[in-house]
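The values are calculated or read from the model by the stated rules, or taken from the named source; none is laboratory data. Note that the coordinates shown come from a computational prediction; the quantities given were computed from them, not determined experimentally. Note that each Cβ is placed from the backbone with ideal geometry, even for glycine, and that neighbours are counted across all protein chains shown.
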Amino acid sequence: MSWFIFSEVMFFAAFFGALFYTRTISVPELGFFSDTNTLLWSGFHESWPAATGPKAAPYTPMAAIGLPAINTALLLTSGATLTWAHWGLMENKRGQLKLGLLFTVMLGTLFLTLQAVEYHHGWTELGLKMSSGAYGATFYMLTGFHGMHVLVGTIMLATMLVRTMRGHFTPEHHFGFEAAAWYWHFVDVVWLILFVFVYWL
């Protein structure tokens, strides 16, 4: 499981690297050459979120306040409820374990629902699409890839909840639960980094 999470870290490192390259290298270079190379990108001004292409429709960047901030609070809370469930398992408090897992699965499901609402808002009201220049591409690439991980993590934790109902885990033997918990905390940490660099800065 550690190696699997490490491989996922490398995936996200590549995507964050693409975001870093776009923001700090390619956009400034296009801005530097915009006065002399009008054929390449006429009237381009160096800024982030980057301007769209010559024929692309204008868009509005996604603000950090609102649904993204709510989703951040949901994921942080889910990390706390999962830790509470883990404590319940270690102390053999089955009710606490089940309730903590149930809350975590519900928070993960709510996160995914609000992300779908956010995508609809961005697509229909902000004009933010995959074709909206580098910003649109990196926004959907990073948030979508993370959303897929939240979906997988929610399914894993729901499976752990079913196993808990069947009495599969004890304080001494519970690797399945622990592995799913590691994965979920990894997803939480990635979202915090994503929230800062995609939505906030």
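Some values worked out for this structure:
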{"quantity": "Residue in segment 33-53 that is modelled with pLDDT of 80 or more and at negative phi present", "calculated": "yes"}
{"quantity": "GLY100 of a type outside the set (A, V, I, L, M), without any contact (Cβ under 8 Å) to a residue 40 or more places away in the chain and surrounded by 20 or more Cβ atoms within 10 Å (Cβ to Cβ)", "calculated": "yes"}
{"quantity": "Selection status of LEU128, at pLDDT below 95, among the aliphatic types (A, V, I, L, M) and either assigned to a helix (DSSP H, G or I) or under 18 Å from the mean Cα position of the chain (by Cα) (or both)", "calculated": "yes"}
{"quantity": "Subset of segment 72-125 [not in a helix (DSSP H, G or I) and not basic (Lys, Arg)]", "calculated": "GLU91, ASN92, GLU125"}
{"quantity": "Single residue of PHE177, PHE197 found to be assigned to a helix (DSSP H, G or I) and within 19 Å of the chain's Cα centre (by Cα)", "calculated": "PHE197"}
{"quantity": "Residues satisfying the stated conditions in segment 66-93, i.e. at pLDDT below 95 and either farther than 21 Å from VAL150 by Cβ or touching a Gly at 6+ places or on another chain (Cβ under 6 Å) (or both)", "calculated": "ASN92"}
{"quantity": "Whichever residue in segment 148-201 is out of contact with any Phe, Trp or Tyr (no Cβ under 8 Å at 6 or more places or on another chain) and small (Gly, Ala, Ser) and, among such residues, is farthest from GLU91 (Cα to Cα)", "calculated": "ALA158"}
{"quantity": "Test: residue in segment 153-160 that is part of a loop (DSSP other than H, G, I, E, B) and of a type in the set (Ser, Thr, Tyr)", "calculated": "no"}
{"quantity": "Filter pass, ALA158 being out of contact with any Lys or Arg (no Cβ under 8 Å at 6 or more places or on another chain), farther than 30 Å from PRO49 by Cβ and either modelled with pLDDT of 95 or more or small (Gly, Ala, Ser) (or both)", "calculated": "yes"}
{"quantity": "TRP123 vs. criteria closer than 13 Å to MET62 by Cβ and out of contact with any helix residue (DSSP H, G or I) (no Cβ under 9 Å at 6 or more places or on another chain)", "calculated": "yes"}
{"quantity": "Subset of segment 160-201 (residues that are without any contact (Cβ under 8 Å) to a residue 24 or more places away in the chain and in contact with a Gly (Cβ under 8 Å, 6 or more places away or on another chain))", "calculated": "ARG163, HIS168"}
{"quantity": "Scan of segment 137-155 for residues that are surrounded by fewer than 19 Cβ atoms within 10 Å (Cβ to Cβ) and in contact with a Lys or Arg (Cβ under 9 Å, 6 or more places away or on another chain), ordered by number", "calculated": "TYR140"}
